[in-house]
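Data first, discussion second: the structure below is written as structure tokens.
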Amino acid sequence: MGPDHPECPERLASINDHMIALGLDGHVVRHEATRATREQLSRVHAAAYVEAIERAAPSSGLRYLDPDTALNRHSVEAALHAAGAVVNAVDLVCGGEYMTAFCAVRPPGHHAESGRAMGFCVFNNVAVGAAHALAVHGLSRVAIVDFDVHHGNGTEEMYSDDEHVLMVSTFQYPLYPYSGVDNPAPNMVNVPLAAGSGSAQFRAAVTDRWLPALDAFEPELIVISAGFDAHRDDPLAGLAFTEDDYAWVTQQLMAVARRYASGRVVSSLEGGYALSALGRSAAAHVRELISA
């Protein structure tokens, strides 16, 4: 997205480096994602929006979709593969080939609304994957879990009042996109956290709010918007989580998945902009997905 932009290619390199350093690389099977199709994208995005994005890539330079979100000539292809990765992961997990999957993708997705790109996001990767699980794999209850430091406004817009989807989330408030606190739908369990909130507040939110809602819903699949920008080292926000918190919440979610979803979890990368903290946190998350 241009020089000095926080959503940079080095994010994925840091995750890969930390996976290797922790000895996790030999315990994962890597897959190259296919492109999401128009049919898959149009389950949650307006067809006209999908067509407009496909035409929007510039032949050179950058084209801004909003003040924070730019396309270069490769960005649309990357966004199609990012959404396609979650679709592929849902197929592999729901098909029984794997129990868990982590999609190390760019650009992120949870801010993208049905007809609007924003917040570094072009297509809503987790929303596309959840819709695929419902439409193709015959599931009737999919839980979306979002622990990114920013509220997943796009995912909420797409799934508010959908009886087949439960969304649980924590996020710093007030903070971009300044949403998630005004009259959420009954299937939205949003827990805003004040700047400076750390492990204790996060774990209380999960224990007191998320887990009872997830147990009542009995999801057949858990899809995670795995943003690691609530880490205390991250420059874009003010929460104070650590990589141990990401390991802990993954353990809690895996326990829910074992109770109701045959252990099935698909996770997809969202934010995380302090490179070392991102790598450590994502590796801690993946370690728990593997150990499940």
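So here's what we get for this one:
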| read-out | value |
| --- | --- |
| Single unsatisfied condition, PRO108 versus (1) surrounded by 13 or more Cβ atoms within 10 Å (Cβ to Cβ); (2) free of Cβ contacts under 8 Å to residues at least 40 places away in the same chain | (2) |
| Unique match (being under 16 Å from LEU275 (Cβ atoms) and hydrophobic (A, V, I, L, M, F, W, C)) among ALA247, ALA237 | ALA237 |
| Within the stretch 262-276, tally of residues that are buried (at least 22 other Cβ atoms within 10 Å of the Cβ) and either assigned to a strand (DSSP E or B) or of a type in the set (A, V, I, L, M) (or both) | 5 |
| Tally of residues being within 24 Å of HIS151 (Cβ to Cβ), out of contact with any strand residue (DSSP E or B) (no Cβ under 6 Å at 6 or more places or on another chain) and not small (Gly, Ala, Ser) across the stretch 255-279 | 4 |
| The stretch 22-46, residues that are in contact (Cβ under 8 Å) with a residue 60 or more places away in the chain and not β-branched (Val, Ile, Thr) | LEU22, LEU24, HIS27, HIS31, ALA33, ALA36, GLN40, LEU41, ARG43, HIS45, ALA46 |
| Residue match in the stretch 245-255 (condition: more than 17 Å from the chain's Cα centre (by Cα), crowded, with 19+ Cβ neighbours inside 10 Å and in contact (Cβ under 8 Å) with a residue 40 or more places away in the chain) | no |
| Filtered residue count, the stretch 98-130, keeping only those that are among the β-branched types (Val, Ile, Thr) and not in a helix (DSSP H, G or I) | 3 |
| Conditions (1) outside any strand (DSSP E or B); (2) out of contact with any Phe, Trp or Tyr (no Cβ under 7 Å at 6 or more places or on another chain); number of the one not met by ALA83 | (2) |
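Yes/no matrix, rows are residues, columns are (1) closer than 27 Å to SER14 by Cα; (2) aromatic (Phe, Trp, Tyr):
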residue	(1), (2)
TYR98	yes, yes
ALA131	no, no
ASP148	yes, no
LEU175	yes, no
TYR178	no, yes
VAL181	no, no
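The numbers here are math on the coordinates, done by the rules we state, and not lab data. Note that this is a predicted model, so its numbers are computed, not measured. So basically every Cβ, Gly included, is an ideal-geometry build from the backbone, and we count neighbours across all protein chains shown.
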